[in-house]
Amino acid sequence: MQPPITLPAPYGMHAGLAAAFAACPLIAILRGVTHGEAAAHGRALYDAGFRIIEVPLNSPQPFDSIAAIRQALPGDAIVSAGTVLHPSYVDSVKNAGGDLVVMPHSDGDVIRAAKALGLACAPGVATPTEAFATLSRRRTVSRSSRAAFRIRWRSTA
């Protein structure tokens with residue numbers, strides 16, 4: 001068996017994100033959930049084993065939902081903002097208690113804003129060239145839309 005690979009900076013992953021992925025390698029995406037429902041959904045998903053819970057910014061009152069989930073869950077949960085299209089949203093994600101910025105593209109300004117605030121960042125990539133370009137911007141992890149899995153979650157909470 002090969003020993004684990006220890007990557008030098010800038011290739012290392014955000015420690016909290018790495019721990020969350022080790023506990024459960026899936027991200028629960030709460031698409032369209034209102035802030036009044038967010039905490040209950042977040043708790044149900046956490047109790048089911050998820051450690052990364054994402055609220056897309058095109059959801060109703062997303063920053064209120066991020067704040068509600070952050071307040072409801074323990075510190076090992078990563079609360080994520082998805083569909084972050086512009087760097088101006090990054091401060092609001094941080095202020096709401098978000099830990100991770102997920103975007104469908106690889107905008108260097110969004111990546112730099114997230115890293116400046118200590119947030120993990122997952123820019124979208126479609127090619128190896130884009131993936132390595134995000135590495136040079138000291139991103140945390142890249143995501144490929146082609147490899148993304150979606151799970152429909154229906155809570156009884």
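The numbers here are math on the coordinates, done by the rules we state, and not lab data. Here the structure is a predicted model, which is why all the values come from computation and not from measurement.
Look at the Cα gyration tensor of the stretch 1-126: its axes a ≥ b ≥ c give a/c of at least 1.5 with a/b at or below b/c, and that counts as oblate.
Antiparallel beta bridges, as assigned by DSSP with both residues in the stretch 23-145, represent about 0 percent of the total such bridges.
Proximity of backbone amide H atoms, modeled 1.01 Å from N, is registered between Ile78 and Ile52, Ile53 at under 5 Å, excluding neighbours fewer than 5 places apart on the same chain.
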